[in-house]
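Notes for the one structure printed next.
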Amino acid sequence: MTKKESKIILQPNNLWEKVKQQTEHALSCGALKSIPTDYKLIKNKEIDFLVRIFTNLGRKDKAKKEQKKLGKDFNPFLPYEDDLFVADISDSHVCLLNKFNVVDYHLLMITREFEEQETLLTFNDFAALWACLLQVDGLGLYNSGKIAGASQRHKHLQLVPFPLIPELSKTPIDPIIETVNYQDNIGKLPCFNFSHGIAKIQSKDNNNILELAHQSLETYSSLLNTLKIKINQEDKPKPYNLLVTKKWMMMIPRSQPKYESISVNSLGFAGALLVKNEQQMKTLQTLKPLTILEQVAK
């Protein structure tokens, strides 16, 4: 059943200010549990991979244990924490701070009502993403299911603002994307030796959220078809990662959530990986980041 298009209620030109104000509040009251990391750039072929390493993993491990005590059906988004609330986006979505953020000002766009994370993205999902993306330039993310790196069942998209670090204005893969050749608006990165597809987004000088959402939904559907990501009767496709910026959209089918203990979510395919300790860092440097991605992709 097709849902009606939700009404955008997010006010223009003030989301970034709200994000900063709510972050300050959430930190001061302890609702936001930022996880400190160090990072280094590791070059593999043409990509300077951004690799973060936890400097205090205890905080997230403690939170995971607390959540397990609440049971597998615990949903942190119903109800969500008021101290993490940033703004109402639409009739169907709200914007929250990511409680356990590694990147500053990491945002979540969650559905007001429960929907499974594996279900297909809709016009309303893309409208919520674009409402935020037009005000906070960054990388939109969607992890479709546990195998793709999702940690919560409740449907949510993510937005990580640019720059990811001062040395990078966009993502580590953006310089490579400039070299992609497209056929029928879908191309492939030459150094990605696994199933994936990238498509252009025509957003320049277009601030019409609804038009961009429709365009994105069409592009998303094209990528699903091109990559032969089959849909079952419950509208649940096989696991995949989706990345969206103002200029491009990329989809990667997934086969497993981690390789050699290194977990990968959507950010990994943008060239940003996370390791827990020095042993994992050594493993990654030995195997090389692209090998990790090849092993977890389909």
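Quick note: the coordinates plus some simple rules give every number you see, no bench work behind them. Since we're looking at a predicted model, the values are computed, not measured. Cβ: placed from backbone, ideal geometry, glycine included. Neighbour counts: every protein chain shown.
In loop segments of the range 247-298 as defined by DSSP, the GluC sites (Glu not before Pro) with at most 15 further C-beta atoms inside 10 Å of their C-beta are GLU260. Model label sites at GLN256 and ASP137, defined 7 Å from Cα along the beta-carbon direction, differ in position by 3.9 nm. Build a GNM of the chain with springs between Cα atoms under 10 Å apart, and of LEU159, LEU210, LEU97 the one that fluctuates most is LEU210. FRET efficiency for the THR291 to ASP205 pair, using the beta carbon distance and R₀ = 35 Å, is estimated at 0.30.
Applying 1/(1 + (r/R0)^6) with r as the Cβ-Cβ distance of ASN193 and THR283 and R0 = 22 angstrom yields a FRET efficiency of 0.65.
What's the magnitude of the charge dipole for the range 35-296 around its Cα centre, counting Lys and Arg as +1 and Asp and Glu as -1 at the beta-carbon? Answer in Debye, nearest 20.
For this selection, approximately 1100 debye.
Ranking of ARG254, ARG112 by neighbouring Cβ atoms within 10 Å, starting from the fewest: ARG112, ARG254.
Residues of the range 16-59 falling in the label zone of GLU167, defined by backbone nitrogen less than 20 Å from a point 7 Å along Cα to beta-carbon, are 36-56. Taken as Cα centroids, the range 88-126 and the range 1-53 sit 11 Å apart, rounded to the nearest whole angstrom. For THR55 and LYS3, the difference between the fully extended length at 0.36 nm per residue and the C-alpha to C-alpha distance is 14.3 nm. Each stretch of four or more DSSP H residues adds -39500 (n - 2.57); spread over every residue of the chain, this sum gives -8500 deg cm²/dmol at 222 nm. Short-range pairs are left out: with C-alpha atoms under 8 Å and at least six residues apart, the relative contact order of the chain is 20 percent. In the list (i) 18.2, 51; (ii) 24.2, 81; (iii) 21.2, 67, the label attached to Rg and Dmax of the Cα atoms in Å as derived from the coordinates here is (i). Electrostatic bookkeeping for LEU108 treats Lys and Arg as +1 and Asp and Glu as -1; over the other residues with beta carbon under 15 Å from its beta carbon, the sum is -1.
Given a Förster distance of 30 angstrom, what is the FRET efficiency for ASN232 paired with ASP184, based on the Cβ-Cβ distance and rounded to 0.05? It comes out at approximately 0.70. Of the candidates SER34, SER151, SER92, which one comes out as most mobile in a Gaussian network treatment of the chain with C-alpha springs shorter than 10 Å? Fluctuation is largest for SER151.
Computed on the range 79-203, with alpha-carbon pairs under 8 angstrom and 6+ residues apart, the relative contact order is 19 percent.
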